[in-house]
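Worksheet for the structure shown next.
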Amino acid sequence: MDRREGLFSVKDIALIGAMIAVIEVCKAVLSFMPNIELTTFWLIMFTLYFGRKVLAVVPAFILVEGIIYGINTWWIMYAYIWPLLVLLTWLFRKEDSALFWAIFSGIFGLCFGALCSITYFFIGFSSGGVVAGFNTAFPWWISGIMWDMVHCVGNFVFMLVLYRPIRNVMNRFK
């Protein structure tokens with residue numbers, strides 16, 4: 001970000017667009033595999049490498065997702081889940097261990113359904129209070145735990161395998 005030219009330079013805007021394109025292309029390529037995705041991997045890597053510029057990537061990515069797939073409850077989930085990932089990554093940004101980031105991204109995948117269920121808690125809560133919120137969110141989360149496990153393993157493996165090579169390529173262009 002170049003303060004002299006405004007919030008973002010032309011180069012920053014192009015870079016942000018490229019980051020979103022990388023995420024979208026990876027999503028499209030892996031779309032035939034349920035809960036296997038590289039979005040988590042790329043948001044972690046972009047946060048570690050590009051720092052605050054990723055703050056423009058996340059809302060733009062979420063907006064693009066809404067334009068492509070329509071707005072529904074999943075979109076609300078994306079509005080807090082992906083920023084949370086970036087925030088947590090930023091807090092641990094000094095770590096440079098492939099195993100650390102593999103475990104981190106695996107845990108994030110495992111927690112994804114629980115994080116998504118927060119939206120269903122509020123949907124249920126709005127129609128009947130805390131008990132209705134819990135009775136809406138908890139079964140929704142439990143029914144998807146197997147998919148969260150798939151998500152966990154996918155995130156772990158992708159990060160473990162790709163972290164060093166991608167980090168090395170990114171460092172070369174620094």
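The values are calculated or read from the model by the stated rules, or taken from the named source; none is laboratory data. These figures come from a predicted structure and were not determined experimentally. With ideal geometry, Cβ positions are generated from the backbone for all residues, glycine too; neighbour counts draw on all protein chains shown.
Name the residue that is surrounded by the most Cβ atoms within 10 Å (Cβ to Cβ), counting only residues in the stretch 105-149 that are in contact with an Asp or Glu (Cβ under 8 Å, 6 or more places away or on another chain) and under 30 Å from PRO165 (Cα atoms). Step by step, filter the stretch 105-149, then rank; the result is GLY109.
Just one of the numbered conditions (1) under 21 Å from ARG167 (Cα atoms); (2) free of Cβ contacts under 8 Å to residues at least 60 places away in the same chain; (3) buried (at least 16 other Cβ atoms within 10 Å of the Cβ); (4) aromatic (Phe, Trp, Tyr) is not true of TRP101: (2). Scanning the stretch 39-71 for residues that are modelled with pLDDT under 95 and among the charged types (D, E, K, R) returns ARG52, LYS53. From the set of residues in the stretch 113-131 that are touching a residue at least 40 places away in the same chain (Cβ under 8 Å) and out of contact with any Phe, Trp or Tyr (no Cβ under 6 Å at 6 or more places or on another chain), which is farthest from LEU84 (Cα to Cα)? The qualifying residue farthest from LEU84 (Cα to Cα) is ILE123. Only residues that are surrounded by 15 or more Cβ atoms within 10 Å (Cβ to Cβ) and in contact with a Phe, Trp or Tyr (Cβ under 7 Å, 6 or more places away or on another chain) were counted across the stretch 33-55, and they come to 8. Just to be sure before I move on: is TRP75 over 15 Å from THR39 (Cα atoms) and surrounded by fewer than 19 Cβ atoms within 10 Å (Cβ to Cβ) in the structure I sent? It is false that TRP75 is over 15 Å from THR39 (Cα atoms) and surrounded by fewer than 19 Cβ atoms within 10 Å (Cβ to Cβ). Exactly one residue among ALA18, ALA14, ALA56 is small (Gly, Ala, Ser) and under 30 Å from VAL153 (Cβ atoms), and that residue is ALA18.
Taking the stretch 144-174, which residues are among the polar types (S, T, N, Q) and modelled with pLDDT under 95?
Residue satisfying the conditions is ASN171 alone.
Can you find, within the stretch 52-104, the residue that is farthest from the chain's Cα centre (by Cα) among those that are of a type in the set (S, T, N, Q) and part of a loop (DSSP other than H, G, I, E, B)? Filtering the stretch 52-104 for residues that are of a type in the set (S, T, N, Q) and part of a loop (DSSP other than H, G, I, E, B), the one farthest from the chain's Cα centre (by Cα) comes out as SER97. Taken over the stretch 35-51, the criterion of being assigned to a helix (DSSP H, G or I) and at negative phi is satisfied by THR39, THR40, PHE41, TRP42, LEU43, ILE44, MET45, PHE46, THR47, LEU48, TYR49, PHE50. Based on what the data block shows, is VAL150 more than 25 Å from ASN35 (Cα to Cα) and not charged (D, E, K, R)? So VAL150 fails the test.
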